[in-house]
Amino acid sequence: MRAKSLASAVLLAWALAAGAAAPWTLERLLQGFAQTRESRASFVEKKSVGVLERPLVSSGELRFEAPDRLEKRTLRPRPELLRLEGDTLTLERGERRLRLDLRGNPEAAALAESIRGTLAGDRAALERVYRLRLEGTERDWALTLVPRDAALAALVKRIRIAGHRAGISVVEILHGNGDGTLLSVQPLPAP
Amino acid sequence: MTRQRLAPLGAWLAALALAAAVAAGARYTADLSAFLPRAPSPAQQLLVDQLRDGAVGRVMLIAIEGADVASRAALSRELAARLRDDARFAYIANGAARGTERERKLLFEHRYLLSPAVTPERFSVGGLREAIEETLDLVASSAGGLAQALLPRDPTGEMARLAARRLAEGPRPALAGGVWASRDGERALLLARTAAAGADTDAQEAALQAVTAAFADAAANVRAPGAQLRMTGAGVFAVQSRALIKREVARVALLGVALVAALLLWAYRSATALALGLLPVLTGGLVGVAAVATGFGVVHGITLGFGATLIGEAVDYAIYLFVQTGAARGSRDAWLAEFWPTIRLGVLTSMIGFAALLLSGFPGLAQLGLYSVSGLAAAALFTRFVLPALLPAAFQVRELSSLGARLARLRAAAPRWRWLVPALCAVAAVALIAQRGSLWATDLSSLSTLSDAEQAYDGRLRADLGAADARYLVVAAGDDEQDALRAAERVGRALQPLVAQGLIAGFDSPARYLPSDATQAARAASLPAPRELRARLGRALRGLPLRAARLEGFIADAAEVHAGLRLRRADLEGTALGVALDSLLLRRAGGWHALLPLRAPQAGAIDAPQVREALLGSGALFLDLKAEANALYAGYLHEAIALATAGVAAVLLLLMVALRSASRVGRVAAPLGAAVVVTAAALAAAGQTLTLLHLVGFLLVVAVGSNYALFFERAGGAPEPRVLASLALANATTVIGFGVLATASVPVLRAIGATVALGTLLALAFAALLSSAHGDAR
């Protein structure tokens, strides 16, 4: 009994000390991301579409390389590669190759920046487009992004990114038309 | 003045007035008609049709540079809005979404008629299920936005299929600020299609000015300091090249006339003599233009540009008259008796040389031939019959005896240097034989006035806009529009395997934008009636997350097509699709043509024999426009070389008849032949590949030089000092006139200038060197 209460007291003290040393802030969250140069994760995406009775499920791998390269490689149900690099978004799907210059597509750019900006720890980039709100603790945080621009808000109501320390576990996008996308992320060892 | 002298004067004035009237009323053109052969093959006719009023010639690429992205985009929108209201443009695109709504709506409404995937199998239970599963996969993907929005009305994904096909047409332009931009984002880009044909240079110039004015107007609305407009395209180049040639010809003519006039003024010391001396040139030029206008109905720019070169020979006639009069014991009648026969023979020699060009199938050359023959005849007749009557009674030009004496001493020393001629000829012949494979430029672009930088800029804009260069074409003919469309569909089926094999990267077809009635009817018949479709959907959707009840929009759309909705040409008017169709489906004399441009694979050129084999039996024609144009030009070149050779033979025959002695003919011909050979070798050594214009230059060297050689021959190799002075003066005017032309920035003008300046100088020098021994032996 004594040992157990001692242990909890030590734990409490440690927790308090940690909290006092550095409170959990957006600054710290993004700093943690900024220090990660490269990361890899598997994902399962569930897309809920109004006219469909069940969500559509796809899965694959995510990869980020600082400062600005983000890849989403879908393996099932159909292979597809979405790559964001600098200002260019490319999509390869079967024979098709689509190339989009984000400078000419503010909506696509905003959407792309939500995840990449977070992973890169680029607060300025995020705040240019979104109002940010951080909730929770270092071990279980949730960052909500709400578009500042009305045109973008008509397409994307909000994006919620949740995770654990400098790792993302869920990205949830609520679209303007009521549809939603839920991306569950599982970190993989860096290559 | 006697009546006898008044008659020629009156005839000259009347002829001059008539020629001036004809020349003033003539139609002048700088278009490609000069290149259309008189009896074209079907492929050549297609080539020239394409160049003249095909889609390629009507495309204008517009770039806005400078300022910042936002201002460039705003300018692009303002400019597009203004030009869309301008009747001189059939179509304006700048990538802004607003401009493509109509196209999207049109494609969507007619998707079941346009999509090649629409077959009875696709609308069976199994086919529907497969198509819908595929669409759901697309909805799940990152590219699913459009598919998701259209799902209830387009569950089989026909729109995605049509969009994918358009994407396969090649890279789409990048966007910046919501409008098309270059890859690097530094330029906003617009694509315009003029209402007028590319070869209608006046209309193209008007279109060019319309863009410039609209841009200035737009720039006044949008604050964009430093924004600049640049344009390229076949029509733009035609306008610029015409302006450049005009500017250069004017500059060169002014400078040439000024220098020649200064020289003649120094030589004559008489303004009257100078004015009178230029009259043969004026007469020859006017009569030449009038003859071409009468003979061809239209005077080409090339011919006019050549007008300046007539000075080269026509000005000589007066020089001979003025300077040699003293040599002929002071009397003009004596001059006529003594020297006119020699000049007459020189004129005839020139006329026969140029007359060979009259037979050319290349209208540009034929015009040149007529111009020279009639111009020289007029100048010579004027000098012989009118000019002596116009000279004041006490007319006297400065004695050039001291110059003549010095020249005579030089000539007397010439025998020692006679070996130079065969030596130079031998070196030149070796050089020419060594380079014989690459001596002549067989590429049409050798006549182009475009700089490499301009060509590169045009290439960059084309790459940025994904605008095809339309080099390869398949042409399918039909009796009527529908027949041509069906032919295009057959060709499309024959080409499909080549795409699969990678022999061609892809192709466009008018049937893509407007399928034939037969194909539309077949696709419509693939769609089941609404009741049946509903039943099939019910079965097809089993186990899928989609309910048939959600797809009533799809059933209604399919019912409309089933009930007889069709796509007509009129529906496409004023859209990008209509513009594409108009450029690919053309009415021609005796029927319709469907054009299917092919895209070359990444690896480079298209293997023509394999495409021809695939098209065997279809009646369609495969064309490589670039190869065809080069072949046409090479054909003209070979023909011109043959004609020039025939002309030389005719000249030799004439000399033989006139001089009645092979050795005398040899003494006239040798310096001329040597001058041409050495000049050709010198040009080749200077890195020039020879073109048609060099060939014309050689003819002119023979024409002008024959006078020199004949004077030397007449005098037994040692002409009197006065005659020598007249030849030196005549040659100096020619070298100055053509030397100035050699400084022009237009390659074709430079070619003639360098050839004639060097060639005539050598002709005189060689005539002096070669004739001396004969003369001194006497």
**Request:** Mind telling me which of A:Ala166, A:Ala154, A:Ala120 comes out most flexible in a GNM of chain A, alpha-carbon contacts under 10 Å?
**Result:** A:Ala154
**Request:** List every residue whose amide H lies under 5 Å from the amide H of B:Phe89, counting only residues 5 or more places away in sequence or on a different chain, with H placed 1.01 Å from N in the peptide plane.
**Result:** B:Ala195
**Message:** Can you tell me which of A:Ala125, A:Ala151, A:Ala66 moves the most in a GNM of chain A? Springs connect C-alpha atoms under 10 Å apart.
**Reply:** A:Ala151
**Asked** Modelled label-to-label distance, B:Ala522 and B:Glu720, 7 Å Cα→beta-carbon offset: nm?
**Response** 9.0 nm
**Prompt:** Label points 7 Å out from Cα along the Cβ direction at B:Ala7 and B:Ala453: separation in nm?
**Reply:** 6.2 nm
**Calculated FRET value between A:Val170 and A:Glu38, using beta carbons and R₀ = 22 Å, to 0.05** = 0.55
**Item:** Approximate spin-label separation B:Leu391-A:Ala150, in nm, with each point projected 7 Å along Cα-to-Cβ
**Value:** 9.3 nm
**Message:** Need the full-extension length gain, B:Ala423 to B:Ala646, defined as separation in residues times 0.36 nm minus the C-alpha distance. One decimal, nm.
**Reply:** 77.6 nm
**Complete:** Ranked by GNM mean-square fluctuation in chain A (Cα springs under 10 Å), the top entry among A:Glu27, A:Glu107, A:Glu53 is A:Glu53
**Item:** Helix-derived mean residue ellipticity, 222 nm - over chain A, DSSP H n ≥ 4, -39500 (n - 2.57), to 500
**Value:** -9500 deg cm²/dmol
**Item:** Rounded to 10°, Cα long-axis angle of helix B:363-381 versus longest principal axis of chain B
**Value:** 20 degrees
**Item:** Viscosity 1.306 mPa s, 10 °C: Kirkwood-radius Stokes-Einstein D of the range B:618-667 over Cα pairs, µm²/s
**Value:** 114 µm²/s
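Going by the alpha-carbon gyration tensor, a ≥ b ≥ c the square roots of its eigenvalues, is the range A:23-188 rounded (a/c under 1.5) or, if a/c is not under 1.5, prolate (a/b greater than b/c) versus oblate?
Details: a/c = 1.30, a/b = 1.25, b/c = 1.04.
Cα axes put the range A:23-188 in the rounded bin.
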**Asked** How high is the relative contact order of chain A, given as a whole-number percent (alpha carbon pairs under 8 Å, six or more residues apart)?
**Response** 20 percent
**Complete:** From the Cα centre of the range B:355-426 to that of the range B:268-288, the distance in Å is 15 Å
**Item:** Estimated vicinal HN-Hα couplings, Hz - the range B:637-645 in sequence order (Karplus 6.51, -1.76, 1.60; Gly, Pro = x)
**Value:** 5, 4, 5, 5, 5, 5, 5, 5, 4
**Item:** Centroid-to-centroid separation of the range B:469-519 and the range B:121-165 [C-alpha atoms, Å]
**Value:** 26 Å
**Item:** Nearby lysines by direct alpha-carbon distance to A:Lys46 (threshold 16 angstrom, same-chain neighbours under 8 apart not counted)
**Value:** A:Lys72
**Prompt:** Which trypsin sites (Lys or Arg not before Pro) in the range B:152-252 pass both tests, a DSSP loop state and at most 12 other beta-carbon atoms within 10 Å?
**Reply:** B:Arg223
**Item:** Calculated FRET efficiency for the pair B:Ala195/B:Gln610, C-beta based, R₀ 45 Å, to 0.05
**Value:** 0.75
**Prompt:** Hey, what number do you get for chain B at 222 nm if only DSSP H runs of n ≥ 4 count, each worth -39500 (n - 2.57), divided across all residues, to the nearest 500?
**Reply:** -21000 deg cm²/dmol
**Prompt:** Extension gain B:Arg230-B:Ala14, at 0.36 nm per residue separation less the Cα-Cα distance, in nm?
**Reply:** 72.8 nm
**0 to 90° range, to nearest 10: angle between helix B:332-355 axis and chain B longest Cα axis** = 20 degrees
**Prompt:** What's the center-to-center distance, using Cα atoms, between the range B:557-577 and the range B:689-733 in Å?
**Reply:** 72 Å
**Message:** Using only the alpha-carbon atoms, how far is helix B:401-413 inclined from the longest principal axis of chain B? Give it as 0 to 90 degrees, nearest 10.
**Reply:** 80 degrees
**Request:** Give the long-range amide H neighbours of A:Tyr130: residues separated by 5 or more places, or on another chain, with amide H under 5 Å away, using H modelled in the peptide plane at 1.01 Å from N.
**Result:** A:Arg148
**Fill in**
Calc'd 3J(HN,Hα), the range B:110-115, phi into Karplus 6.51 cos²θ - 1.76 cosθ + 1.60 (θ = phi - 60°), Hz, glycine/Pro = x, comes to 10, 4, 6, 8, 8, 7
**Fill in**
With a Förster distance of 22 angstrom and the Cβ-Cβ distance between B:Asp202 and B:Arg247, calculated FRET efficiency to the nearest 0.05 equals 0.80
**Complete:** Taking placed amide H atoms and a strict 5 Å upper bound, the residues 5 or more places from B:Arg187 or on another chain that come that close are B:Ser182
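Since every read-out is calculated from the coordinates, none of them should be taken as a lab result. The structure presented is a predicted model; accordingly, all values stated were derived computationally and were not measured. Note that each Cβ is placed from the backbone with ideal geometry, even for glycine, and that neighbours are counted across all protein chains shown.
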